[in-house]
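The values are calculated or read from the model by the stated rules, or taken from the named source; none is laboratory data. Being a predicted model, the structure only gives us computed values, none of them experimental. No Cβ is skipped: glycine too gets one built from the backbone with ideal geometry, and neighbour counts run over all protein chains shown.
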Amino acid sequence: MATDPSEYDKAMPIVAAHLAKIEPAVVRTRASYGGQPFAAVHQALAEALQDEGAQWVVPQVVAELARQISDAATDPRGAAG
């Protein structure tokens, strides 16, 4: 099934705007909760996303971000790994 390239061009500003809401929540949560238990990080991230108006992030994505933030202090690669 072929996808019209113009559909990508139409969608990218919407995706970029959504990511612009997610990034500050992740950065703020990482700074305050890096290396803390997953449950605390997950709750803080969910609240930060809500504050940014990005509460509709897929739950699996929120859980993965929270896991990376929680593991950041114990993994020398941090969230990039």
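Looking only at the stretch 26-48, count how many residues are buried (at least 18 other Cβ atoms within 10 Å of the Cβ) and under 13 Å from residue 70 (Cβ atoms). Result for the stretch 26-48: 8. The residue of the stretch 1-25 that is farthest from residue 49 (Cα to Cα), among those that are β-branched (Val, Ile, Thr) and either touching a helix residue (DSSP H, G or I) at 6+ places or on another chain (Cβ under 6 Å) or surrounded by fewer than 10 Cβ atoms within 10 Å (Cβ to Cβ) (or both), is 3.
Scan the stretch 59-81 for residues that are at pLDDT below 95 and either surrounded by fewer than 13 Cβ atoms within 10 Å (Cβ to Cβ) or over 23 Å from residue 16 (Cα atoms) (or both) and jot them down.
Correct list: 72, 73, 74, 75, 76, 77, 78, 80, 81.
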